[in-house]
Amino acid sequence: MANRMTDHKHEPDPTTLPPAQHPPTEPPTVTSRPPFDPPRVIDSETILAGQREVWIRHQQLMYRLRKTASGKLYLTK
């Protein structure tokens with residue numbers, strides 16, 4: 001006689017399933033983030049100090065900050 005247990009898929013016993021999870025009644029609060037520090041603001045004229053361009057060294061790379069004739073700033077590597 002064939003074993004009927006191998007002839008069909010097993011379904012979980014509903015009495016052994018974990019209880020259903022319900023969404024929380026209140027939204028979680030975020031407590032692990034540090035307080036927000038706004039970025040430091042430096043006027044471009046302070047950086048350029050009357051010049052049209054300055055070079056900025058960042059992690060052993062050089063970047064050129066240049067003020068165009070129309071007053072825009074370009075940062076190039």
Any hit, the range 48-58, residues being assigned to a helix (DSSP H, G or I), out of contact with any His (no Cβ under 8 Å at 6 or more places or on another chain), at pLDDT 70 or above and open to solvent by less than 100 Å² (accessible area, probe 1.4 Å): yes
In this structure, does Gln21 turn out to be modelled with pLDDT of 95 or more and in a loop (DSSP other than H, G, I, E, B)? no
Considering the range 32-57, residues that are over 31 Å from the mean Cα position of the chain (by Cα) and among the hydrophobic types (A, V, I, L, M, F, W, C), and then whichever is nearest to Thr68 (Cα to Cα), we arrive at Leu48
Residue list for the range 62-73, restricted to those being farther than 18 Å from Thr46 by Cβ and either in a strand (DSSP E or B) or in contact with a strand residue (DSSP E or B) (Cβ under 6 Å, 6 or more places away or on another chain) (or both): Met62
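The values are calculated or read from the model by the stated rules, or taken from the named source; none is laboratory data. Just so it is clear, the model here is predicted, and its values are computed rather than measured. So basically every Cβ, Gly included, is an ideal-geometry build from the backbone, and we count neighbours across all protein chains shown. Surface accessibility is based on the protein's heavy atoms, side chains included, excluding ligands, DNA and RNA. Shrake-Rupley method; radii C 1.70, N 1.55, O 1.52, S 1.80 Å.
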